[in-house]
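Asks: Have a look at this one.
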Amino acid sequence: MNEIQYKEPENDKLGPLTKISETIIDEIGTVGYIDDGLGIHMVENKSDKIQAATLHLYTPAYEKVKIWDEKTGKSEWCMPQNYSINGVLCKQPNLNNLIVEPAINIQNLIVKIDRLTEAHKNYNSKEFQNAINHLLVSYRNEDWKKYLFYNDKIYTRNCVYSDPDGKFELLVLGWNCNQKTPIHNHPGAQCYYKLLAGEMYEVSFQEPEEGKFGKLVKIDEDVMSEIGTVGYIDDGMGIHYVENRSSKVKAATLHLYLPSYGKVKVWDETSGDSKWYETKNYSLDGEIV
Ligand SMILES: [Fe+2]
């Protein structure tokens, strides 16, 4: 853990806070101490790989805490929320904690997505979508490789987790050279995708009205080339296909479908003909099915 101590500004004086000291606490078992006479502080786990835990004793107990902005010196009182009490998660998880804490591995990402879907029933709210996007961006571990298989003939849907109640599904897709999807929809679901390896192209079209045929109307064409980029599509935005156009480099993407779905509608670009198909996974939890 990293600790930075500052002087407490007198009489709510504004302006940047004055730093007193910066300490790294890296020896397990070390005990530290602070009270208002010594100053105010912030503590941080700066590692993007290792979680940390600390034991705190406040005597006497307190309910309110004053927080400062380091640059402006502005302060406000707030009530810190407990995330769990006596080993039991509180009914209203503190969403801020979920948002600021990165997902340190793929199982941790699943747990955090699950908590967000439990805490936030309105999946269409901007707040919820931003939180999901933030979680996917924060996941930087390479443990997705354990779930990834490639196939010479088809791109692969490798299921990492499928929620038993159908709330969401997390997949790693494997794109061999020059493999692509047909043009498809995402029936009633939000689709978040993140580039893990290689480079992917996305071409989107207007969804034709029921019973209308003819060449599909293209909306946009995009390339995703920066590893870690997160994209999003739902039926309100159109239908699309995604493609690895490289003849040399394989690609991989992480997909979150929320809620899960078992059927997908597929279009022919020239005729506008469409058909429903069942989605098929190539592997489940690291085993080919
Ligand atoms: Fe898609």
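The values are calculated or read from the model by the stated rules, or taken from the named source; none is laboratory data. The structure presented is a predicted model; accordingly, all values stated were derived computationally and were not measured. Backbone-built Cβ (ideal geometry, glycine too); neighbour counts: all protein chains shown.
Asks: Restricting attention to the range 34-47, does a residue exist that is in contact with a Ser or Thr (Cβ under 8 Å, 6 or more places away or on another chain) and modelled with pLDDT of 85 or more? Steps first, please.
Replies: Start the filter on the range 34-47 by keeping residues that are in contact with a Ser or Thr (Cβ under 8 Å, 6 or more places away or on another chain), which leaves 43.
Subsequent filtering for residues that are modelled with pLDDT of 85 or more retains 43.
Yes: the range 34-47 contains one or more residues that are in contact with a Ser or Thr (Cβ under 8 Å, 6 or more places away or on another chain) and modelled with pLDDT of 85 or more.
Asks: Of (1) within 30 Å of Tyr161 (Cα to Cα); (2) among the aromatic types (Phe, Trp, Tyr); (3) more than 15 Å from the ligand (Cβ to nearest atom), Phe213 satisfies all except one. Which?
Replies: Phe213 satisfies all of (1) within 30 Å of Tyr161 (Cα to Cα); (2) among the aromatic types (Phe, Trp, Tyr); (3) more than 15 Å from the ligand (Cβ to nearest atom) except (1).
Asks: Do we find that Gly236 is within 16 Å of the ligand (Cβ to nearest atom), without any contact (Cβ under 8 Å) to a residue 12 or more places away in the chain and of a type outside the set (Lys, Arg) in this structure?
Replies: For Gly236, the condition - within 16 Å of the ligand (Cβ to nearest atom), without any contact (Cβ under 8 Å) to a residue 12 or more places away in the chain and of a type outside the set (Lys, Arg) - is met.
Asks: For the range 141-181, name all the residues that are under 14 Å from Asp285 (Cα atoms), hydrophobic (A, V, I, L, M, F, W, C) and more than 16 Å from the ligand (Cβ to nearest atom).
Replies: Scanning the range 141-181 gives Trp144, Leu148, Phe149, Val160.
Asks: If you check every pair at least six apart or on different chains, which have Cβ atoms under 7 Å apart with a residue in the range 9-27 that is over 22 Å from Thr54 (Cβ atoms) first and a residue that is surrounded by 10 or more Cβ atoms within 10 Å (Cβ to Cβ) and among the aliphatic types (A, V, I, L, M) second?
Replies: As it stands, the answer is Pro9/Leu17, since those pairs meet every condition given.
Asks: Now a separate question. Quickly run through the range 38-75 and pick out the residues that are touching a residue at least 40 places away in the same chain (Cβ under 8 Å) and assigned to a strand (DSSP E or B).
Replies: Val43, Glu44, Trp68, Ser75, listed by residue number.
Asks: Still on this structure, I have one more. Considering only residues of the range 201-231 that are touching a Leu at 6+ places or on another chain (Cβ under 9 Å) and among the aliphatic types (A, V, I, L, M), which is surrounded by the most Cβ atoms within 10 Å (Cβ to Cβ)?
Replies: Met224
Asks: In the set Val137, Val160, Val172, which member is closer than 28 Å to Tyr123 by Cα, modelled with pLDDT under 95 and β-branched (Val, Ile, Thr)?
Replies: On the way: Val160 fails: modelled with pLDDT under 95; Val172 fails: modelled with pLDDT under 95.
Exactly one of Val137, Val160, Val172 is closer than 28 Å to Tyr123 by Cα, modelled with pLDDT under 95 and β-branched (Val, Ile, Thr), namely Val137.
Asks: Being among the hydroxyl-bearing types (Ser, Thr, Tyr) and in contact with a strand residue (DSSP E or B) (Cβ under 9 Å, 6 or more places away or on another chain) is the filter here; which residues of the range 40-90 pass it? Full working, then the answer.
Replies: Within the range 40-90, the first condition is being among the hydroxyl-bearing types (Ser, Thr, Tyr), and the residues that meet it are 47, 54, 58-59, 62, 72, 75, 83-84.
Selection gives Thr54, Ser75, Tyr83.
Asks: Output the residue which, of all residues in the range 116-133 that are touching a helix residue (DSSP H, G or I) at 6+ places or on another chain (Cβ under 8 Å) and crowded, with 17+ Cβ neighbours inside 10 Å, is nearest to Leu196 (Cα to Cα).
Replies: Looking at the filtered set, the residue picked out is Ile132.
Asks: Further question on the same structure: Select from the range 241-265 the residues that are part of a strand (DSSP E or B) and either farther than 16 Å from Ile154 by Cα or without any contact (Cβ under 8 Å) to a residue 12 or more places away in the chain (or both) and list them in ascending order.
Replies: Of everything in the range 241-265, those that are part of a strand (DSSP E or B) and either farther than 16 Å from Ile154 by Cα or without any contact (Cβ under 8 Å) to a residue 12 or more places away in the chain (or both) turn out to be Leu254, His255, Leu256, Tyr257, Leu258, Lys263, Val264, Lys265.
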